[in-house]
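Asks: Can you read through this structure? Questions will come right after.
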Amino acid sequence: TGMHSEIIRSTPSWFGRYERRDTVLVQYGNTDEPMQGMAVGRVLRFMAVPHGGEVYPCALIEWMFPFGEKPDPATGMWIVQPQRDGERRKVGVIHLDCIARSCHLIGMYGQDLLPKGFRFWQSHAAFKAFYLNRYSDYHMHETYP
């Protein structure tokens, strides 16, 4: 109830300094699956795909799927991992209508300290798994799977 809008960004050079690739919740499967059939995608590029005389607004994304059937019992948050095909992360093309909303991920930290010079824009490559943050804002709390 009420208006809500978001800006989802994907750029290789944010203010000429670093890349910015936002993450989104994608309606992927049935609601009886883990995370109510949602997956997480990191938007690599927005594009328009012409087919059959129509132009479809699409996004190229890196897939991240839930690890397990339930949220983490300690945090109450889902853990997602990038899907891999060997050494490479899996990517896919989706219609923009499949995007439910933007989302925020928190890297799953281990026992070791982050190296000196580590920058926040390196997080998506540095961590093997992420928490899907349900507490990032009111709207995320309402739509959290």
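Asks: Which count do you get for residues in region 117-145 that are part of a loop (DSSP other than H, G, I, E, B) and either open to solvent by less than 50 Å² (accessible area, probe 1.4 Å) or over 15 Å from I8 (Cβ atoms) (or both)?
Replies: Selection size over region 117-145: 11.
Asks: With respect to the numbered conditions (1) over 22 Å from A125 (Cα atoms); (2) not in a loop (DSSP other than H, G, I, E, B), which one is the sole condition not fulfilled by E69?
Replies: For E69, the exception is condition (2).
Asks: Further question: Among the residues that make up region 55-67, is at least one of them surrounded by fewer than 12 Cβ atoms within 10 Å (Cβ to Cβ) and farther than 15 Å from S10 by Cα?
Replies: Scanning region 55-67 turns up at least one residue that is surrounded by fewer than 12 Cβ atoms within 10 Å (Cβ to Cβ) and farther than 15 Å from S10 by Cα.
Asks: Restricting the search to region 15-37, which residues are free of Cβ contacts under 8 Å to residues at least 24 places away in the same chain and among the aromatic types (F, W, Y)?
Replies: F15
Asks: Return the residue satisfying two criteria in turn: it lies in region 86-104 and is part of a helix (DSSP H, G or I) and not charged (D, E, K, R), and of such residues it is surrounded by the most Cβ atoms within 10 Å (Cβ to Cβ).
Replies: Step by step, filter region 86-104, then rank; the result is C98.
Asks: Return the total of residues in region 1-37 being open to solvent by 70 Å² or more (accessible area, probe 1.4 Å), touching an Asp or Glu at 6+ places or on another chain (Cβ under 6 Å) and either at pLDDT below 85 or closer than 13 Å to M64 by Cβ (or both).
Replies: 0
Asks: Right, something else. Give me the pairs, please: first residue somewhere in region 105-116 and assigned to a loop (DSSP other than H, G, I, E, B), second residue anywhere and surrounded by 10 or more Cβ atoms within 10 Å (Cβ to Cβ), beta-carbon distance under 7 Å, and either six or more positions apart or on two chains.
Replies: These pairs meet every condition: M108/I79; M108/F127; M108/A129; M108/F130; M108/Y131.
Asks: Would it be correct to say that A74 is small (G, A, S) and part of a strand (DSSP E or B)? Full working, then the answer.
Replies: Numbers: small (G, A, S): yes; part of a strand (DSSP E or B): no.
No.
Matching residues to (1) closer than 21 Å to T31 by Cβ; (2) in contact (Cβ under 8 Å) with a residue 40 or more places away in the chain:
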| site | (1), (2) |
| --- | --- |
| R84 | no, no |
| V93 | no, yes |
| C103 | yes, yes |
| F120 | no, no |
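Asks: What number of residues within region 43-56 are farther than 14 Å from A100 by Cβ and either in a loop (DSSP other than H, G, I, E, B) or under 18 Å from the mean Cα position of the chain (by Cα) (or both)?
Replies: Count: 6.
Asks: Just wondering, is there one or more residues in region 38-47 that are more than 17 Å from G92 (Cα to Cα) and either open to solvent by less than 70 Å² (accessible area, probe 1.4 Å) or without any contact (Cβ under 8 Å) to a residue 24 or more places away in the chain (or both)?
Replies: No.
Asks: If you don't mind, another one. Just give me the residues in region 14-42 being over 15 Å from the mean Cα position of the chain (by Cα), part of a loop (DSSP other than H, G, I, E, B) and among the aromatic types (F, W, Y), in sequence order.
Replies: The answer is F15, and nothing else.
The values are calculated or read from the model by the stated rules, or taken from the named source; none is laboratory data. This is a predicted model, so every value here is computed, not measured. Cβ atoms come from the backbone with ideal geometry, glycine included; neighbour counts cover every protein chain shown. Side chains are part of the model used for accessible areas, which takes the heavy atoms of the whole protein and leaves out ligands, DNA and RNA. Shrake-Rupley method; radii C 1.70, N 1.55, O 1.52, S 1.80 Å.
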